[in-house]
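The structure under discussion appears below in the form of structure tokens.
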């Protein structure tokens, strides 16, 4: 099932985000190769990263939640999990 994830960072965690960014990007690229992450990017405010958006495709919500538990921005307290939005979607297929 496809989902849109909207994850804003907690307040004042830019340094933490930058510390774990390489691990986050490496993992995201691995899941992109598997087809689980369709696309992703950072939210930018005042030229600083303040959150993330991802289009993902997991077999179930449980599989998505399992992935989130191990996501570096979750494990290291970057994303504000109390405000995260996970919305079921249908991505427009490419031609």
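A few remarks follow.
- Summed over segment 29-52, residues that are more than 20 Å from residue 90 (Cα to Cα) and touching a strand residue (DSSP E or B) at 6+ places or on another chain (Cβ under 6 Å) total 5.
- Elements of type strands (runs of 3 or more DSSP E) in the chain, at least 2 residues being loosely packed, with under 13 Cβ neighbours inside 10 Å and in contact (Cβ under 8 Å) with a residue 12 or more places away in the chain: 37-45, 85-89
- Check on residue 22, more than 15 Å from residue 86 (Cβ to Cβ) and at pLDDT 95 or above: yes
- Residue match in segment 67-90 (condition: under 13 Å from residue 2 (Cα atoms), at pLDDT below 95 and over 14 Å from the mean Cα position of the chain (by Cα)): no
The values are calculated or read from the model by the stated rules, or taken from the named source; none is laboratory data. Quantities reported herein were computed from a predicted structural model and do not represent experimental measurements. Neighbour counts are summed over all protein chains in view; Cβ atoms, including those assigned to glycine, are modelled from backbone coordinates with ideal geometry.
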